[in-house]
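Here is the structure we will look at, set down as structure tokens.
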Amino acid sequence: MRNEIKKFRTKLGITQEELADRVGVRRETVVFLEQGKYNPSLRLALNVARELKTPVDELFSLQ
């Protein structure tokens, strides 16, 4: 699964640690998400999208 987390996170000036705190995961989880090494649960994907003020379908893709 591909994602645009880093792009939207940096655009908003949010660090990996801040995003992790806001969605209730460890910073390492955000790192793995950004690298495409971890597929989030639906709840986590929705929480990340909400925090990044981006629709979930713009943030994640299966390509």
request  = May I ask you to say which residue of T29, T10, T54 is part of a helix (DSSP H, G or I), among the hydroxyl-bearing types (S, T, Y) and touching a helix residue (DSSP H, G or I) at 6+ places or on another chain (Cβ under 8 Å)?
outcome  = T29
Region 43-63 - residue that is in contact (Cβ under 8 Å) with a residue 12 or more places away in the chain and more than 9 Å from the chain's Cα centre (by Cα) and, of those, farthest from M1 (Cα to Cα) = K53
note = Counted residues in region 1-42 being of a type outside the set (D, E, K, R) and without any contact (Cβ under 8 Å) to a residue 24 or more places away in the chain come to 15
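Report, by residue number, each residue of region 32-51 that is in a loop (DSSP other than H, G, I, E, B) and not polar (S, T, N, Q).
G36, K37, Y38, P40
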request  = Considering only residues that are within 17 Å of K11 (Cα to Cα) and in contact with a Phe, Trp or Tyr (Cβ under 6 Å, 6 or more places away or on another chain), look in region 28-63 and name the one that is surrounded by the most Cβ atoms within 10 Å (Cβ to Cβ).
outcome  = L52
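Read the figures in this text as sums done on the coordinates, not as results from a lab. Note that the structure is predicted; figures quoted are calculated from it, not measured. Using ideal geometry, Cβ is built from the backbone for each residue, glycine included, and neighbour counts are taken over all protein chains shown.
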